[in-house]
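K.L.:
This structure is in structure tokens; I'll ask about it shortly.
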Amino acid sequence: MDQPLPDPVRFAPLYAPLLAVPEAADGCFVIARAAQSLDGYIATRDGESFWVGGPEDLAHTHRLRSLCDAVVVGASTVRTDNPQLTTRLVAGPSPVRVVLDTERRLAGHYRVFTGEGPETLLLCAPDIAGDSTFGTARAVKVRRGSYGLDIEAILAALAERGLRRILIEGGGITVASFLQSGALDRLHVTIAPLLMGGGIPAFPLPPVDRLADASRFGWTIHPLGGDLLVDIPLIRRV
Ligand SMILES: NC(=O)c1ccc[n+]([C@@H]2O[C@H](COP(=O)([O-])OP(=O)(O)OC[C@H]3O[C@@H](n4cnc5c(N)ncnc54)[C@H](OP(=O)(O)O)[C@@H]3O)[C@@H](O)[C@H]2O)c1
């Protein structure tokens, strides 16, 4: 009988591309991830997302964190999930935590701003007043973009600090804005076998009128426990 492959061998095709030398001019390699239902939602309408994917997907997310220098989340994910963004489930270092909070509206009690843990950078717009620290986080000013903070400026601010392997962990608005800006090298989407009927969409993008205008991708598919992980290589435009 065939022995199942040990995890490091089974997962090599999935993780090896993350270790390649970044090709983009800013020296960054940027990967985004999402766990979505069959009908394309990452959370219920009230924001519940624990857990869309199964335990293997959770371990996969922690593995991605351990392979990256920085993990980026939008303000709504901090507000809803109060995440730690560490690598508790796998061996390997926790990345620097990066929160996109243009107007500095987040309160200070969230776990990324309190207690022990990896460094947190709070990214906000240059015209917003405030101290250079926020709890245990350091505030970093980044110019505004057409929506929220400018994506190229976010990556430049991280590269300047030696953070070049970047995981965009969510939520949907954040992943979609990096995707739409052409700022992703790779996209991992876990598709879980559940239907939610509505909720927070995985990719809130402007609709196309014609199928010919839709973005179409090549992908490879990896079974991940009871879920399917699709691995999509992309070409950075910025
Ligand atoms: N299933 C999953 O894989 C997964 C993963 C993560 C999160 N989630 C769920 O996702 C939900 C939150 O997702 P969401 O789509 O509502 O919001 P989000 O992506 O977490 O946060 C979006 C917010 O980030 C700030 N932001 C600043 N600059 C930005 C930029 N350049 N691009 C995008 N956002 C920028 C904006 O807030 P300001 O204008 O205030 O700056 C924006 O409204 C939660 O329910 C969470 O549980 C699910």
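The values are calculated or read from the model by the stated rules, or taken from the named source; none is laboratory data. Predicted model only: the values in this text are computed from it and were never measured. Quick reminder, even Gly has a Cβ in these numbers, built from the backbone with ideal geometry, and neighbours come from all protein chains shown.
K.L.:
Kindly evaluate residue 58 against the criterion of being among the aliphatic types (A, V, I, L, M), buried (at least 17 other Cβ atoms within 10 Å of the Cβ), touching a helix residue (DSSP H, G or I) at 6+ places or on another chain (Cβ under 7 Å) and assigned to a helix (DSSP H, G or I).
P.N.:
Taking the combined requirement at face value, the residue does not satisfy it.
K.L.:
Would you say residue 117 is at pLDDT below 95 and of a type outside the set (Ser, Thr, Tyr)?
P.N.:
yes
K.L.:
Continuing with the same structure: Just to be sure, is residue 30 buried (at least 19 other Cβ atoms within 10 Å of the Cβ), in contact with a helix residue (DSSP H, G or I) (Cβ under 9 Å, 6 or more places away or on another chain) and under 20 Å from residue 235 (Cβ atoms)?
P.N.:
yes
K.L.:
Looking at segment 66-85, I want the residues that are under 17 Å from residue 158 (Cα atoms) and touching a residue at least 40 places away in the same chain (Cβ under 8 Å) and have a partner that is near the ligand (Cβ under 9 Å from one of its atoms) and part of a loop (DSSP other than H, G, I, E, B) with Cβ atoms under 6 Å, at least 6 apart or on another chain. Which pairs are those?
P.N.:
74/171
K.L.:
Turning to a different aspect of this structure: Inside segment 86-105, can you point out the residues that are free of Cβ contacts under 8 Å to residues at least 60 places away in the same chain, in contact with a Leu (Cβ under 9 Å, 6 or more places away or on another chain) and more than 8 Å from the ligand (Cβ to nearest atom)?
P.N.:
89, 92, 94, 97, 99, 104
K.L.:
Another one. Could you tell me which residue of segment 108-142 is surrounded by the most Cβ atoms within 10 Å (Cβ to Cβ), considering only residues that are within 11 Å of the ligand (Cβ to nearest atom) and in a loop (DSSP other than H, G, I, E, B)?
P.N.:
For segment 108-142, the residue satisfying everything is 142.
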